[in-house]
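Notes follow the structure.
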Amino acid sequence: MAMTRCTHLRRTLLQLTSTLLPLLYDGMRFLRLCLRPSPTLAAENLFLRKQLAMYQERHIKPKHTTNATRLVLVWLSRWFDWRQALAVVQPETFLRWHRQGFRLFWRWKSRPGRPPIPPELQALIRRMARDNPT
(Lines give C-alpha, C1' and ligand atoms only; values in the text may rest on other atoms or scores of the structure.)
Protein backbone atom coordinates (compact mmCIF):
# COMPACT_ATOMS: atom_id res chain seq x y z
CA MET A 1 0.00 0.00 0.00
CA ALA A 2 2.89 2.36 0.79
CA MET A 3 4.37 1.60 -2.62
CA THR A 4 1.07 2.39 -4.33
CA ARG A 5 0.82 5.69 -2.44
CA CYS A 6 4.41 6.52 -3.43
CA THR A 7 3.69 5.69 -7.07
CA HIS A 8 0.52 7.79 -6.98
CA LEU A 9 2.41 10.70 -5.42
CA ARG A 10 5.16 10.46 -8.03
CA ARG A 11 2.61 10.38 -10.87
CA THR A 12 0.76 13.36 -9.39
CA LEU A 13 3.99 15.36 -9.05
CA LEU A 14 4.96 14.51 -12.63
CA GLN A 15 1.56 15.66 -13.92
CA LEU A 16 1.74 18.83 -11.86
CA THR A 17 5.24 19.61 -13.12
CA SER A 18 4.31 18.90 -16.74
CA THR A 19 1.44 21.40 -16.39
CA LEU A 20 3.13 24.11 -14.32
CA LEU A 21 6.33 24.45 -16.36
CA PRO A 22 4.54 25.30 -19.64
CA LEU A 23 2.21 27.63 -17.70
CA LEU A 24 5.19 29.45 -16.24
CA TYR A 25 6.80 29.68 -19.67
CA ASP A 26 3.60 31.04 -21.26
CA GLY A 27 3.15 33.49 -18.40
CA MET A 28 6.66 34.85 -18.95
CA ARG A 29 5.99 35.15 -22.68
CA PHE A 30 2.75 37.01 -21.95
CA LEU A 31 4.55 39.48 -19.68
CA ARG A 32 7.17 40.03 -22.36
CA LEU A 33 4.42 40.66 -24.93
CA CYS A 34 2.80 43.22 -22.62
CA LEU A 35 6.00 45.27 -22.87
CA ARG A 36 6.03 45.29 -26.67
CA PRO A 37 4.69 48.17 -28.73
CA SER A 38 1.17 47.76 -30.06
CA PRO A 39 1.99 47.63 -33.83
CA THR A 40 4.52 44.86 -33.22
CA LEU A 41 1.97 42.86 -31.28
CA ALA A 42 -0.69 43.46 -33.96
CA ALA A 43 1.71 42.27 -36.69
CA GLU A 44 2.51 39.10 -34.76
CA ASN A 45 -1.18 38.49 -34.13
CA LEU A 46 -1.94 38.86 -37.84
CA PHE A 47 0.97 36.57 -38.72
CA LEU A 48 -0.33 33.87 -36.37
CA ARG A 49 -3.91 34.25 -37.65
CA LYS A 50 -2.68 33.79 -41.24
CA GLN A 51 -0.93 30.58 -40.27
CA LEU A 52 -4.09 29.37 -38.59
CA ALA A 53 -6.06 30.22 -41.74
CA MET A 54 -3.69 28.01 -43.73
CA TYR A 55 -4.46 25.13 -41.37
CA GLN A 56 -8.16 25.71 -41.93
CA GLU A 57 -7.86 25.96 -45.72
CA ARG A 58 -5.93 22.72 -45.99
CA HIS A 59 -8.17 20.96 -43.46
CA ILE A 60 -5.19 19.86 -41.41
CA LYS A 61 -6.05 18.76 -37.91
CA PRO A 62 -3.85 20.42 -35.30
CA LYS A 63 -2.16 18.20 -32.75
CA HIS A 64 -3.94 17.41 -29.49
CA THR A 65 -3.73 20.05 -26.81
CA THR A 66 -2.11 19.53 -23.45
CA ASN A 67 -3.57 20.58 -20.11
CA ALA A 68 -1.11 23.48 -19.98
CA THR A 69 -2.22 24.69 -23.43
CA ARG A 70 -5.85 24.48 -22.41
CA LEU A 71 -5.23 26.46 -19.23
CA VAL A 72 -3.33 29.15 -21.10
CA LEU A 73 -6.04 29.48 -23.75
CA VAL A 74 -8.73 29.76 -21.08
CA TRP A 75 -6.67 32.33 -19.18
CA LEU A 76 -5.96 34.38 -22.33
CA SER A 77 -9.65 34.31 -23.23
CA ARG A 78 -10.27 36.65 -20.30
CA TRP A 79 -8.36 39.42 -22.11
CA PHE A 80 -10.40 39.65 -25.31
CA ASP A 81 -13.52 38.39 -27.09
CA TRP A 82 -12.38 34.82 -27.72
CA ARG A 83 -15.43 33.75 -29.77
CA GLN A 84 -14.22 35.67 -32.82
CA ALA A 85 -10.64 34.40 -32.54
CA LEU A 86 -11.40 30.76 -31.76
CA ALA A 87 -10.76 28.60 -34.80
CA VAL A 88 -8.89 25.49 -33.71
CA VAL A 89 -11.70 23.96 -31.64
CA GLN A 90 -15.45 24.32 -31.32
CA PRO A 91 -16.75 26.85 -28.79
CA GLU A 92 -18.39 24.00 -26.85
CA THR A 93 -14.99 22.32 -26.50
CA PHE A 94 -13.45 25.54 -25.25
CA LEU A 95 -16.23 25.99 -22.69
CA ARG A 96 -15.76 22.36 -21.61
CA TRP A 97 -12.05 23.09 -21.00
CA HIS A 98 -13.04 26.06 -18.86
CA ARG A 99 -15.45 23.95 -16.83
CA GLN A 100 -12.85 21.19 -16.40
CA GLY A 101 -10.33 23.71 -15.13
CA PHE A 102 -12.90 25.10 -12.70
CA ARG A 103 -13.70 21.59 -11.46
CA LEU A 104 -10.00 20.81 -11.00
CA PHE A 105 -9.52 24.03 -9.05
CA TRP A 106 -12.37 23.27 -6.67
CA ARG A 107 -11.32 19.63 -6.30
CA TRP A 108 -7.89 20.85 -5.29
CA LYS A 109 -9.36 23.55 -3.04
CA SER A 110 -11.58 21.07 -1.20
CA ARG A 111 -9.10 18.21 -0.82
CA PRO A 112 -10.37 15.37 1.35
CA GLY A 113 -9.44 15.42 4.97
CA ARG A 114 -9.25 18.04 7.63
CA PRO A 115 -6.15 19.66 9.00
CA PRO A 116 -5.22 18.04 12.31
CA ILE A 117 -6.44 19.76 15.47
CA PRO A 118 -3.56 20.67 17.79
CA PRO A 119 -3.36 18.50 20.94
CA GLU A 120 -3.82 21.45 23.31
CA LEU A 121 -7.05 22.41 21.50
CA GLN A 122 -8.25 18.79 21.71
CA ALA A 123 -7.58 18.84 25.45
CA LEU A 124 -9.48 22.13 25.81
CA ILE A 125 -12.48 20.71 23.93
CA ARG A 126 -12.51 17.59 26.13
CA ARG A 127 -12.25 19.67 29.31
CA MET A 128 -15.08 22.00 28.22
CA ALA A 129 -17.28 18.99 27.34
CA ARG A 130 -16.52 17.37 30.70
CA ASP A 131 -17.16 20.60 32.66
CA ASN A 132 -20.38 21.46 30.79
CA PRO A 133 -22.24 18.24 29.91
CA THR A 134 -25.42 20.07 28.78
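The values are calculated or read from the model by the stated rules, or taken from the named source; none is laboratory data. None of the values given here were measured: they were computed from a predicted structure. No Cβ is skipped: glycine too gets one built from the backbone with ideal geometry, and neighbour counts run over all protein chains shown.
Structure notes:
- Scanning the stretch 72-127 for residues that are farther than 26 Å from PHE30 by Cα, surrounded by 10 or more Cβ atoms within 10 Å (Cβ to Cβ) and either at pLDDT below 85 or under 18 Å from the mean Cα position of the chain (by Cα) (or both) yields a count of 1.
- Total residues in the stretch 1-46, condition among the small types (Gly, Ala, Ser) and surrounded by 10 or more Cβ atoms within 10 Å (Cβ to Cβ): 4
- On inspection, ARG83 does not qualify as touching a Phe, Trp or Tyr at 6+ places or on another chain (Cβ under 6 Å) and in a helix (DSSP H, G or I).
- Whenever a residue of the stretch 25-38 is acidic (Asp, Glu), its partners that are not in a loop (DSSP other than H, G, I, E, B), lying with C-beta atoms within less than 9 angstrom and at least six residues away or across chains, give the pairs ASP26/ALA68; ASP26/THR69; ASP26/LEU71; ASP26/VAL72; ASP26/TRP75; ASP26/LEU76.
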